[in-house]
Structure formats: C-alpha cells, structure tokens
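Trainee: I have a structure I would like to understand better, so I am pasting it below and will then ask my questions one at a time.
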Amino acid sequence: MKDLDCIQEFLPTGYQLTDAGVFSHSNRSNTPELVSGPCWISGTTKSRSQKEWGRVISFVDYDGELQQIAVAESRISDNSTSLPSELHDMGLHLIPGMQRHLLKYLASFQLPSEFRRESVSKVGWLDCKDDEPPIYVTPDKTIGLAVDRQIIFQPEEHSQTLQTMHAGGHVNQWKSAVAGKCEDHPNLVFALSAAFSGPLLKLIGQDCGGFHFYGASSKGKTTLLQVAASVWGSGADPANSDVSYISRWNTTGNALEATAAAHNDGLLCLDEMGTCDQRDFGKVIYDLFGGRGKGRLSKNALMQKTRTWRLAALSTGEISVEDKILDEGGKHRIGHQVRMIDVPVGNGVISSSCEDPRGLVNDLKKQTAIYFGTAGPEFVDYLTHVRPCYRELRDEAQVLVDSLALEIAKTKNLESFQERVLKRMCVVCAAGLWAVDFKILPFDRATVLNSLSHVWNLWIHDGASRPPMVTSLLNLKEFLVANQSRFISVSADETAVRDLAGYTKQDKGFRLFLVTESALKEAIRGQDVISVAHELRNRGLLFQNDKNRLKSRHQIGGTRPYFYAIRDSLLEFEG
C-alpha cells in the first residue's frame with residue numbers, strides 16, 4: 001500500500017509496520033508483539049487560529065479498506081481516552097490489552113511540516129476574507145474553488161456529524177425517488193427549500209431559526225422531516241435507525257448543544273417536541289437559537305472551547321411552541337415567535353388532492369432511507385460557483401432575499417415581528433429558487449413560490465402570528481366570558497363565590513369588570529401584567545380614576561380596594 005510505504009521512514013523507534021499490522025519490539029524477549037492491524041499517523045493538523053493541533057490516523061480495516069480520521073492531539077496523549085475503542089469500532093483490528101501500546105505508538109510519530117494540514121472542528125463555511133473564494137467543509141470533502149488549501153475535518157469527540165452526514169445513491173436518483181414526488185405538496189416543497197437554507201444564513205447575516213410543524217398525530221409530520229433530512233443525510237425514521245439525520249427533542253441541554261454544533265451552516269431536524277422534558281422550554285428555544293453554548297470547565301479545571309453554530313431547523317410536535325411554553329407556566333415572547341415559527345399542518349402535510357396519501361408517505365419513508373445526502377453538498381458546490389469571491393456571493397444572496405421580502409411585504413401592513421418572520425421565510429424561498437436554478441429540485445420556480453405563499457398563509461391565519469399583547473387581550477376576553485360566575489355585582493348582596501375573580505360595576509352607561517391582580521395573571525397566561533394593563537389603556541379598554549395609576553379604587557362594602565377596571569367593550573375585541 002503506497003501510503004504505508006511512504007511513512008516507513010518516520011516510524012517510531014521500537015515499532016514495525018507491515019501489511020499484517022503494527023508490531024512492538026519493546027518486550028524483554030525482543031520478539032515482535034502484535035499491537036493492532038496496520039495503523040499509522042499520516043499527517044498532522046493545525047487550526048487556522050493555531051490553537052488546536054491534531055493528528056490524522058490512517059488504518060486498514062477488516063475489509064482491507066483504507067480508513068482515515070483526524071483527532072485532537074489530547075486524545076492520543078491521554079491514556080483514559082476512548083480513542084482505541086473508537087478505532088476498533090471503525091474496523092481496526094486491536095489486540096486486547098494493547099490499547100496503551102497503540103496510543104504510545106501513535107503519539108511517538110514525528111512528521112515534518114509538509115505533512116501538515118489545516119483542520120476545522122465543524123462543518124460549514126470557513127471564515128474567509130471578502131476577496132477570497134468561499135469554502136464549505138463537509139466530513140468527507142472540501143467544497144469550493146480554493147482547491148489548493150489542504151483542509152481536513154477534525155470534529156470534537158463523539159460528534160454526530162460523522163455518523164449522520166453521509167450519502168446513499170446518486171443525486172439524480174434522489175431527485176427522482178424523493179424530491180420529484182413532493183412537487184404537488186407545498187408543505188414538502190417548503191421543507192425541501194428549508195433544508196437548503198442553512199448555508200445562506202451566514203451569507204445574509206441572519207441568525208439561527210426554524211419552523212415547527214404541529215398538529216395531531218398521523219398527519220405526515222415525521223415524513224416531512226425525513227424528506228428534508230435526506231438533503232444532507234439519511235432520512236430514515238429515527239425510531240428505527242441509529243444513523244438517521246433526524247434527532248429527537250428528548251435530550252439534555254448539553255447534548256442539544258452538541259447536536260446543534262454538529263449541524264452548523266446546515267439543517268437540524270428535531271422530531272416529537274412533546275418528548276422534551278426540560279422544565280423551561282422557552283429557555284431551550286433561546287439557548288438553541290442563540291448560536292452559542294455555555295462556557296464549561298474541563299476535568300482539569302481549564303476553560304473548554306465554547307461551541308458555536310448557525311443553522312436552520314425543522315421541528316415537529318402535536319402542540320405549538322407557544323402552547324408548550326404556556327403549559328409549563330412560562331411566558332411566550334416575540335423572541336420565541338421569530339426563532340421557532342409555529343406552522344399548523346391542519347388536515348395533514350400531504351395535499352388533499354393526493355389520491356393515495358398513505359401510499360405516498362410510505363414510499364417517501366422508504367426512499368429517503370435509500371437515497372440521501374447528495375443534494376446538500378451538490379447545492380453548496382453550485383453556490384460556490386455563483387460568484388468567484390465571498391463578498392460577491394454574499395451580495396448576490398442578500399439581493400435575492402431582500403427582493404423577495406420587498407415584493408411580498410409591499411402589499412401587506414405587517415407588524416415588525418411579522419416582517420422578521422417573513423424575512424426568514426424568504427430565506428427559505430431563496431434557497432429553494434436557487435436549488436431549482438441549479439437543477440437540484442426537479443420542478444419550476446412557481447412551485448417554490450407557491451410553497452412560500454402556502455406556509456405564510458398557514459402562519460398568518462394561525463394564532464401564533466398575532467403579537468403577544470393581542471393574544472393576551474383575546475385570552476382575557478375569553479376568561480371574562482367563561483368565568484362570569486366568578487364575578488359579582490358591587491351593588492348585590494355579597495354572597496360566597498368560589499375563586500372570586502372580581503366584581504362588575506355599572507358606570508355611566510357601561511359596565512366595568514373589576515379584576516383582581518391574581519385573576520388577571522391567570523387570564524393572560526404568563527404575560528406581564530403591567531404590559532397588558534398598558535395595552536388595555538392604550539386601546540381605551542382600561543378605566544382609570546387616577547391618571548398616575550393603572551389600577552383604580554372602587555367601593556366594595558365598607559372598603560375601597562384597587563382593581564384593574566376593564567371596560568366591557570373588550571368583549572367586542574377581535575384582535
């Protein structure tokens with residue numbers, strides 16, 4: 001084997017490397033002792049920041065195939081590392097009890113500088129200057145015009161990327177077996193477009209974000225994820241596959257960080273939101289889409305490198321993100337709305353015009369586990385050829401997204417947060433349009449534009465598209481209607497009322513609901529009481545007898561306590 005021959009002159013003293021394996025001559029009898037199958041250091045690595053060094057380990061597996069993996073220097077020098085077991089799992093023949101000998105052998109290699117390569121610890125775009133060609137790294141190749149840069153992927157220990165980001169079949173097979181069957185189903189077309197949108201985020205300066213498709217079970221939501229996942233990796237059902245590109249919500253915060261970092265500048269698919277048992281789901285959303293993990297200390301009390309990521313996400317569940325947060329007693333904020341956008345699936349992901357929806361779903365589930373992982377790298381390859389330098393590619397992407405957003409928004413009167421949601425949807429649409437132009441998605445541009453319109457309408461007509469204050473007022477209105485038995489008239493003889501929420505009062509021809517602070521908190525479901533009171537006042541729905549106070553005093557028997565006095569015209573409020 002050529003690689004094995006050229007490394008012979010750099011073998012550490014006391015070791016022999018042959019086609020049969022690595023032999024140690026360090027025992028007293030001077031009899032060669034087999035350590036492992038053929039294995040050697042074929043290169044050294046250094047990150048662009050020059051702070052992370054590593055080694056490239058080459059070995060021959062049980063099938064006689066040459067394998068290669070880049071690992072951090074510390075993993076070779078630490079006797080407690082799991083590296084020997086990891087190599088063994090990858091197909092290296094390892095003699096029991098010889099793990100430390102193998103590590104010593106690998107650590108003793110000293111290669112000259114011509115064997116050095118640049119390393120990166122995560123997939124995605126490399127940092128580059130405006131006038132440099134853009135470069136995108138995947139686990140098995142570097143994509144871009146700068147072919148002279150020797151770059152190797154050196155992930156953190158236990159990274160999911162190597163397991164899930166791989167290919168099956170040819171891109172033309174994927175187009176026929178998967179993408180082509182989605183053309184008549186806007187939800188699936190949008191999901192496919194979203195799968196290509198991750199690489200655009202850095203180009204247009206947009207932060208992490210995604211879409212949560214929710215609705216009753218058996219509506220095709222997991223199939224939607226499988227179709228999107230097949231762009232970058234295996235679309236196999238995560239319940240039946242260890243190498244599926246789809247992850248589950250039922251994980252710890254640290255594991256979710258690692259999962260996010262492993263999908264940098266790409267797509268993250270998360271299935272079954274209801275399985276997430278972390279107590280503050282609102283914080284989970286902020287942490288996931290904040291793009292930066294927590295600072296942590298290593299076992300030696302040294303600060304570890306903080307994980308960072310930038311990604312597009314697709315999620316599924318039976319309830320919305322808003323309901324998940326509120327059900328746990330949290331506050332649903334605009335930040336949640338624009339980071340993980342709730343999209344109801346209604347009657348299902350598959351269009352009602354489909355003659356055999358169950359057959360289509362079963363077929364897509366099967367095909368996404370056979371043909372996958374080719375379209376994403378192909379898209380990035382075309383993307384790097386759109387313009388010869390990073391600045392021009394960035395400008396091209398920005399113009400495309402901005403023109404889409406301007407065309408759609410000019411006919412609408414949108415709140416600022418709705419404009420942010422629209423911008424995120426336009427990034428998805430731009431990615432889909434480029435994928436059509438690159439002949440990766442086998443349908444026309446009108447199909448992609450129609451999917452954007454479809455998902456936008458699903459969102460804008462859903463309660464999730466309302467500003468939080470409007471939602472709070474509607475919740476308060478619903479509370480007043482549903483709990484009239486918990487209010488008694490101030491003029492009536494006082495009677496015992498279970499869970500008293502307040503009083504009613506006639507004042508100059510209109511009725512007031514005198515609501516206690518605890519009842520108002522109950523009604524607005526986690527939103528800030530003062531903010532809601534200000535909103536009521538600004539809309540003329542709050543009665544005040546002291547302009548400096550949001551609460552007003554009213555005579556109740558022999559006392560004059562404070563209440564939030566809400567005009568009954570709120571009952572006509574439609575949001």
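Each reported figure results from applying straightforward, stated rules to the coordinates on display, with no laboratory input. This is a predicted model, so every value here is computed, not measured. Cβ: placed from backbone, ideal geometry, glycine included. Neighbour counts: every protein chain shown.
Trainee: Going by average Cβ neighbours within 10 Å, how do the peptides 215-224, 246-255 rank, with the highest at the top? Please list the in-between numbers first.
Mentor: On the way: 215-224: 20.5, 246-255: 16.6.
Per-residue mean Cβ counts within 10 Å order the peptides as 215-224, 246-255.
Trainee: Run through region 386-429 and list the trypsin sites (Lys or Arg not before Pro) located in a DSSP loop whose Cβ has at most 16 other Cβ atoms within 10 Å. Can you show the working numbers first?
Mentor: Details: sites: 391, 394, 410, 412, 420, 423, 424; in loops: 410, 412.
Within region 386-429, the qualifying trypsin sites (Lys or Arg not before Pro) (loop, at most 16 other Cβ atoms within 10 Å) are 410, 412.
Trainee: When the scattering of the chain is computed by the Debye formula from its Cα atoms alone, each counted once and equally, what is log10 I(q)/I(0) at q = 0.10 Å⁻¹?
Mentor: At q = 0.10 Å⁻¹ the computed log10 ratios are -0.91.
Trainee: Out of all Cα-Cα pairs in region 322-451, roughly what percent, to the nearest whole number, are more than 23 Å apart?
Mentor: On the way: 4477 of 8385 pairs.
Cα-Cα pairs in region 322-451 separated by more than 23 Å: 53 percent.
Trainee: What is the distance in Å between the Cα centres of region 534-560 and region 448-516?
Mentor: 17
Trainee: Another one. Around residue 139, under 14 Å between beta carbons, what's the net of Lys plus Arg minus Asp minus Glu among the other residues? Kindly include the intermediate steps, with their values, before the conclusion.
Mentor: Numbers: positive: 122, 141; negative: 140, 156, 265.
Neighbourhood net charge equals -1.
Trainee: Within a Cβ distance under 9 Å of residue 447, other residues only, what is the Lys/Arg minus Asp/Glu net charge? Can you show the working numbers first?
Mentor: Numbers: positive: 445; negative: 183, 184, 444.
So the surrounding residues net to -2.
Trainee: Could you tell me which chymotrypsin sites (Phe, Trp or Tyr not before Pro) in region 37-101 are loop residues by DSSP with no more than 10 other beta carbons within 10 angstrom of their beta carbon?
Mentor: Qualifying residues, ordered by number: 62.
Trainee: Report the extension gain between residue 386 and residue 506 in nm, rounded to one decimal, defined as 0.36 nm multiplied by the number of residues separating them, less their alpha carbon distance.
Mentor: Numbers: separation 120, 0.36 × 120 = 43.20 nm, distance 6.92 nm.
Between residue 386 and residue 506, full extension yields an extra 36.3 nm.
Trainee: While we're looking at this one, here's another question. Structure shown: which of 141/305; 324/410; 129/305 lie over 29 Å apart, alpha-carbon to alpha-carbon?
Mentor: Exceeds cut-off: 324/410.
Trainee: What is the antiparallel percent of DSSP beta bridges lying wholly in region 473-521, to the nearest 5?
Mentor: On the way: 6 of 9 bridges.
Around 65 percent of the beta bridges assigned by DSSP in region 473-521 are antiparallel ones.
Trainee: Would you work out which of 54, 264, 489 lies farthest towards the positive end of the dipole of the chain, given +1 charges on the beta-carbon of Lys and Arg and -1 on that of Asp and Glu, about the Cα centre?
Mentor: 489
Trainee: Turning to a different aspect of this structure: Which loop-located GluC sites (Glu not before Pro) does region 1-103 contain, where loop means any DSSP state but H, G, I, E or B and the Cβ has at most 14 other Cβ atoms within 10 Å? It would help to have the intermediate numbers written out before the result.
Mentor: Details: sites: 9, 33, 52, 65, 73, 86; in loops: 52, 65.
Taking region 1-103 and a limit of 14 other Cβ atoms within 10 Å, the loop GluC sites (Glu not before Pro) found are 65.
Trainee: Here are some pairs, 331/551; 219/439; 181/219; which of them have Cα atoms lying more than 25 Å apart in this structure?
Mentor: Values: 331/551 23 Å; 219/439 30 Å; 181/219 17 Å.
Among 331/551; 219/439; 181/219, the Cα-Cα distance tops 25 Å for 219/439.
Trainee: Report, for the chain, the % of DSSP beta bridges that are antiparallel, rounded to 5. Don't skip to the answer; put the middle values down first.
Mentor: Values: 45 of 73 bridges.
If I count the DSSP bridges inside the chain, around 60 percent turn out antiparallel.
Trainee: Just add up the charged neighbours of residue 363: K/R +1, D/E -1, any other residue whose Cβ is under 10 Å from the Cβ of residue 363.
Mentor: Values: positive: 181, 358, 365, 366; negative: 356.
That works out to +3.
Trainee: Could I ask something else about it? Would you mind pulling out the separation of the Cα centroids of region 376-434 and region 176-235, in Å?
Mentor: 16
Trainee: For region 4-127, what D do you get in µm² per second when you plug the Kirkwood radius from alpha-carbon pairs into Stokes-Einstein at 20 °C and 1.002 mPa s?
Mentor: Values: Rh = 15.1 Å.
Once the numbers are plugged in, D ends up at 142 µm²/s.
Trainee: Working out 0.36 nm times the residue gap between residue 481 and residue 351, then minus their Cα-Cα distance, what length gain in nm do you get to one decimal?
Mentor: Values: separation 130, 0.36 × 130 = 46.80 nm, distance 3.70 nm.
Difference between extended and current length: 43.1 nm.
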